[in-house]
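K.L.:
Dropping a structure here in structure tokens format, bear with me for questions.
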Amino acid sequence: MLRRILIANRGEIACRVIRSAKALGMHTIAVYSDADANAQHVKMADSAYHIGPAPSKSSYLDMDKLFAVAEKSGADCIHPGYGFLSENEAFAALCEDKGITFIGPYAKSIEAMGSKTRAKEIMADANVPLVPGYYGEKQDPTFLSDEADKIGYPVLIKAAYGGGGKGMRVVREPKDFMSALEGAKREAISSFGNDLVLIERYVDNPRHVEVQVFADKHGNCVYLGDRDCSLQRRHQKVIEEAPAPGLSDTMRKAMGEAAVRCAKAIDYVGAGTVEFLLCGEEFFFMEMNTRLQVEHPVTEMVTGVDLVKWQIAVASGAQLPLTQEQVVISGHSFEARLYAEDPSEQFMPSSGTLTHLSFPTASDNVRIDTGVTSGDEISSFYDPMVAKLIVKGEDRTAALSLLERALHETYVGGVKANIGFLIALCQAQPLQDATMDTHFIDNNCDELTKEPAPDYRSMAMAAWVYYCHLQAKDKKQHSPWTQLSGFKLNSVNEIKVPLADHTVVLHANTNGLKLDIDGDSYSLAGEQLDNNRYIAVVNGERLRADATIDDETLTVLLDGLQYAFTLTSKHYIGAEQAGSDALAAPMNGTVVKHLLKVGSLVKQGDAIVVMEAMKMEYTLNAPFDGVLSSYCYGEGELVSHGALLAVVEEQS
């Protein structure tokens, strides 16, 4: 019986594992970096140990530190979560050597599937259809380019030991192959410590359908239904659902049985996911993820199974509690991944303090998996996930409606968030009709990522928040002459709300408040529930919203959408003055590579410098024609948000 579990991870998944482990009566042990000293997983665990500085290479990826904690804490098992070391065969092998139970598959199974090249060979032997491609070990760039020519463009360069969209590039023309290969390899070595890549045909308009498998140490293996993960951006899943819609019983059974064959072919133990590309009535093996998936909750919702409890039980030597005939799928479930990012700026991650965070009330049909709360930091060192919203309905239509409602009741303040984007996806006809494919977001990105246009409701709420803010400020001054609620003889108290892009004026008198918004008039009243929650009554309509205000921005979170109003007190550079902003760091991160030599002539749009933040690379381009006169930071140096990375001077 396993009793003391070390969770070698952080954030949402660490909290998720801790909850199930505690329900089994286990002592939970957390690890944390400098950046996570006050994180929720640290507070939830029974004990916690510091393992180093914020960069994951020096903390969560440092095996020596993790095993030192395991020895010091008396851990008899380690759960790797997902990401980090979860699919690292060396880590699993060391656990086996040290007599610590690894809550996952054997090292040999991870090794077999860890290399996508070897995985393809195993699947070919198992007679599972594969996408045409090159899956060998030879990595000479010219050779790989020749292989891409043989396969035919477009091709997909994919990190052999990767996942989550890291180390992956779609190449549509031969002239772009070498630069894409270099970028994919650089990102792969940074994220996974191995830059081996494979090349395969890029399939247009496929669906991404995966099967959850589970095996024990006694030779039993079952599949727990399937999931559709077609809604992706940057090859990362955004909304997932179970079961996958539109599959015939024959197709569903064929994919499930193929997934079980995959697991048995490598003597698999524990939770795993076999991913397929679905093209019409054909499916092709993509890869097997030898770990718990981010989207595992949708499977739990429709099967009633706690996959983490199953993982711990199987690792302890228990047999699977269900046979294939006993697995029952009930209802339909969706999961939406809530990220700190700005969809309108190409999904740029957003780091900073969560000034406000609230979710719909949890129930049997609404589940919130998160590792943060109000006041916590979204660090630039890690994935910017805030939470996962999971819902279940009697059928797909009911579940999708419930997901949209849950998103409308979710509020994030202090950082940009993708709630509006997720709501737009829920309302998109292809998701409603279950006709989406993996390219849907890319092909409709502009429409899906439009920032919500402020309307009278959001601006009225902004005016009310500003009014409450001034009232609170005036009360602190203890002067009867500065009270906004006071009475001026033969006059009204006029308050101009300093929104940079709108004319909003409040008129306060003994009869209440009148509001003018861009020339239209409304009545206004309301109350402040606490520091961040407000009720405004606009022309008799009662609105409830969360809001924050600082010296630069007034942010209103209404019906799940975020409206950020720039205040005129903000000091900012106008667009016509922002020539160098194109070469300023969009967030905290690290300079990865200088792409050109100082003194080079550049054209507008030429790639100048590459930086990395939140496990992704970003290329900064020349804002205009000119000469690259200097780099402001060296390769490998840390930079802060807004820091100028390079200088391009216009030629006279």
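The values are calculated or read from the model by the stated rules, or taken from the named source; none is laboratory data. Just so it is clear, the model here is predicted, and its values are computed rather than measured. All Cβ positions, glycine included, derive from the backbone under ideal geometry; neighbour counts span all protein chains shown.
K.L.:
Can you pull out the residues in the stretch 322-336 that are on the phi < 0 side of the Ramachandran plot and in contact with a Lys or Arg (Cβ under 6 Å, 6 or more places away or on another chain)?
P.N.:
Within the stretch 322-336, 332, 333, 335 qualify.
K.L.:
Let me ask something else. Looking at the stretch 342-359, can you tell me whether even one residue there is of a type in the set (Gly, Ala, Ser), at pLDDT below 95 and within 27 Å of residue 399 (Cβ to Cβ)?
P.N.:
Step one: list which residues in the stretch 342-359 are of a type in the set (Gly, Ala, Ser), which gives 344, 350-352, 358.
The next check asks that each one be at pLDDT below 95; those that pass are 344, 350-352, 358.
Next cut, within 27 Å of residue 399 (Cβ to Cβ) only: 358.
Among the residues of the stretch 342-359, at least one is of a type in the set (Gly, Ala, Ser), at pLDDT below 95 and within 27 Å of residue 399 (Cβ to Cβ), which makes the answer yes.
K.L.:
Can you list the strands (runs of 3 or more DSSP E) lying wholly within the stretch 323-436 that have 2 or more residues being in contact with a helix residue (DSSP H, G or I) (Cβ under 7 Å, 6 or more places away or on another chain) and closer than 30 Å to residue 54 by Cβ?
P.N.:
Answer list for the stretch 323-436: 332-339, 366-370, 385-393.
Conditions tested, residue by residue: (1) surrounded by fewer than 18 Cβ atoms within 10 Å (Cβ to Cβ); (2) assigned by TED's automatic domain parsing to the domain that holds residue 470; (3) small (Gly, Ala, Ser); (4) within 36 Å of the chain's Cα centre (by Cα).
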{"position": "506", "(1), (2), (3), (4)": "no, yes, no, no"}
{"position": "509", "(1), (2), (3), (4)": "yes, yes, no, no"}
{"position": "512", "(1), (2), (3), (4)": "yes, yes, yes, no"}
{"position": "525", "(1), (2), (3), (4)": "yes, yes, yes, no"}
{"position": "532", "(1), (2), (3), (4)": "no, yes, no, yes"}
{"position": "536", "(1), (2), (3), (4)": "no, yes, yes, yes"}
{"position": "542", "(1), (2), (3), (4)": "yes, yes, no, yes"}
{"position": "552", "(1), (2), (3), (4)": "yes, yes, no, yes"}
{"position": "556", "(1), (2), (3), (4)": "no, yes, no, yes"}
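K.L.:
Something else now. Among residues belonging to the stretch 348-358 that are in contact with a Phe, Trp or Tyr (Cβ under 9 Å, 6 or more places away or on another chain) and farther than 18 Å from residue 381 by Cβ, point out the one that is surrounded by the fewest Cβ atoms within 10 Å (Cβ to Cβ).
P.N.:
Selected residue: 358.
K.L.:
Within the stretch 597-626, work out how many residues are buried (at least 16 other Cβ atoms within 10 Å of the Cβ), aliphatic (A, V, I, L, M) and farther than 20 Å from residue 184 by Cβ.
P.N.:
The total comes to 2.
K.L.:
Could you tell me which numbered condition residue 494 fails, if it satisfies all but one of (1) under 39 Å from the mean Cα position of the chain (by Cα); (2) at pLDDT below 95; (3) surrounded by fewer than 16 Cβ atoms within 10 Å (Cβ to Cβ); (4) not basic (Lys, Arg)?
P.N.:
Going through (1) under 39 Å from the mean Cα position of the chain (by Cα); (2) at pLDDT below 95; (3) surrounded by fewer than 16 Cβ atoms within 10 Å (Cβ to Cβ); (4) not basic (Lys, Arg) one by one, residue 494 breaks only (1).
K.L.:
Still on this structure, please answer the following. Check whether at least one residue in the stretch 448-458 is over 21 Å from residue 521 (Cα atoms), outside any loop (DSSP other than H, G, I, E, B), under 31 Å from the mean Cα position of the chain (by Cα) and modelled with pLDDT of 85 or more, and report yes or no.
P.N.:
Scanning the stretch 448-458, I find at least one residue that is over 21 Å from residue 521 (Cα atoms), outside any loop (DSSP other than H, G, I, E, B), under 31 Å from the mean Cα position of the chain (by Cα) and modelled with pLDDT of 85 or more, so the answer is yes.
K.L.:
Checking the conditions here, which among 66, 61, 6, 94 is of a type outside the set (D, E, K, R) and touching a helix residue (DSSP H, G or I) at 6+ places or on another chain (Cβ under 6 Å)?
P.N.:
Being of a type outside the set (D, E, K, R) and touching a helix residue (DSSP H, G or I) at 6+ places or on another chain (Cβ under 6 Å) holds for just one of 66, 61, 6, 94, which is 6.
K.L.:
Has the stretch 43-54 got at least one residue that is in contact with a strand residue (DSSP E or B) (Cβ under 8 Å, 6 or more places away or on another chain), of a type outside the set (Gly, Ala, Ser) and assigned to a helix (DSSP H, G or I)?
P.N.:
yes
K.L.:
Would you point out the residue of the stretch 130-147, among those that are touching a Phe, Trp or Tyr at 6+ places or on another chain (Cβ under 6 Å) and either free of Cβ contacts under 8 Å to residues at least 60 places away in the same chain or surrounded by fewer than 14 Cβ atoms within 10 Å (Cβ to Cβ) (or both), that is nearest to residue 263 (Cα to Cα)?
P.N.:
147
K.L.:
Which one of these does residue 31 not meet: (1) buried (at least 23 other Cβ atoms within 10 Å of the Cβ); (2) more than 23 Å from residue 385 (Cα to Cα)?
P.N.:
(2)
K.L.:
While we're here: With respect to residue 213, determine if the residue is among the hydrophobic types (A, V, I, L, M, F, W, C), closer than 14 Å to residue 281 by Cα, in contact with a Phe, Trp or Tyr (Cβ under 9 Å, 6 or more places away or on another chain) and assigned to a strand (DSSP E or B).
P.N.:
Against the criterion (among the hydrophobic types (A, V, I, L, M, F, W, C), closer than 14 Å to residue 281 by Cα, in contact with a Phe, Trp or Tyr (Cβ under 9 Å, 6 or more places away or on another chain) and assigned to a strand (DSSP E or B)), residue 213 does not qualify.
K.L.:
Can you find even one residue in the stretch 234-252 that is touching a Pro at 6+ places or on another chain (Cβ under 7 Å), under 18 Å from residue 165 (Cα atoms) and in contact (Cβ under 8 Å) with a residue 12 or more places away in the chain? Before the answer, list the steps.
P.N.:
So the first thing to find is which residues in the stretch 234-252 are touching a Pro at 6+ places or on another chain (Cβ under 7 Å), and the list is none.
Looking for residues that are touching a Pro at 6+ places or on another chain (Cβ under 7 Å), under 18 Å from residue 165 (Cα atoms) and in contact (Cβ under 8 Å) with a residue 12 or more places away in the chain, one finds none in the stretch 234-252, hence no.
K.L.:
If you check 197, 211, which single one turns out to be farther than 13 Å from residue 277 by Cα, β-branched (Val, Ile, Thr) and either surrounded by fewer than 18 Cβ atoms within 10 Å (Cβ to Cβ) or touching a residue at least 24 places away in the same chain (Cβ under 8 Å) (or both)?
P.N.:
Only one candidate passes the filter, namely 197.
Here is a yes/no grid of residues against (1) within 21 Å of residue 292 (Cα to Cα); (2) crowded, with 21+ Cβ neighbours inside 10 Å; (3) in contact with an Asp or Glu (Cβ under 8 Å, 6 or more places away or on another chain):
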| site | (1), (2), (3) |
| --- | --- |
| 58 | no, no, no |
| 65 | no, no, no |
| 68 | no, no, no |
| 71 | no, no, no |
| 76 | yes, no, no |
| 83 | yes, yes, yes |
| 86 | yes, yes, no |
| 93 | yes, no, no |
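K.L.:
If the Cβ limit is 8 Å and pairs must be 6+ apart or interchain, which residue in the stretch 347-360 that is of a type in the set (Val, Ile, Thr) pairs with which residue that is assigned to a loop (DSSP other than H, G, I, E, B)?
P.N.:
353/375; 353/376; 353/414; 353/415; 355/374; 355/375; 355/414; 355/532
K.L.:
I would also like to ask the following. Give 315, 362 a once-over and let me know the one that is aliphatic (A, V, I, L, M) and surrounded by fewer than 20 Cβ atoms within 10 Å (Cβ to Cβ).
P.N.:
362
K.L.:
So, in the stretch 240-282, of the ones that are assigned to a loop (DSSP other than H, G, I, E, B) and aliphatic (A, V, I, L, M), which residue ends up nearest to residue 216 (Cα to Cα)?
P.N.:
At the first step, the residues of the stretch 240-282 found to be assigned to a loop (DSSP other than H, G, I, E, B) are 243-248, 266-269, 280-281.
If we keep only those that are aliphatic (A, V, I, L, M) as well, we get 244, 247, 266, 269.
Values: 244: 25, 247: 28, 266: 13, 269: 5 Å.
Out of the qualifying residues, it is 269.
K.L.:
Right, here's the next one. Of everything in the stretch 426-443 that's in contact (Cβ under 8 Å) with a residue 12 or more places away in the chain and among the charged types (D, E, K, R), which residue is surrounded by the most Cβ atoms within 10 Å (Cβ to Cβ)?
P.N.:
437
K.L.:
So which residues in the stretch 157-174 are under 10 Å from residue 197 (Cβ atoms) and in contact (Cβ under 8 Å) with a residue 24 or more places away in the chain?
P.N.:
157, 158, 159, 160, 161, 162, 167, 168
K.L.:
Just one of 175, 185, 166 is more than 19 Å from residue 284 (Cα to Cα) and part of a loop (DSSP other than H, G, I, E, B); which is it?
P.N.:
Matching residue, one of 175, 185, 166: 166.
K.L.:
Continuing with the same structure: Which one of these does residue 128 not meet: (1) among the hydrophobic types (A, V, I, L, M, F, W, C); (2) outside any helix (DSSP H, G or I); (3) on the phi < 0 side of the Ramachandran plot; (4) at pLDDT 90 or above?
P.N.:
Unmet condition: (4).
K.L.:
Show the residue pairs meeting these rules: Cβ distance below 9 Å; 6+ apart or different chains; first residue within the stretch 505-516 and in a loop (DSSP other than H, G, I, E, B); second residue exposed (fewer than 15 other Cβ atoms within 10 Å of the Cβ).
P.N.:
510/487
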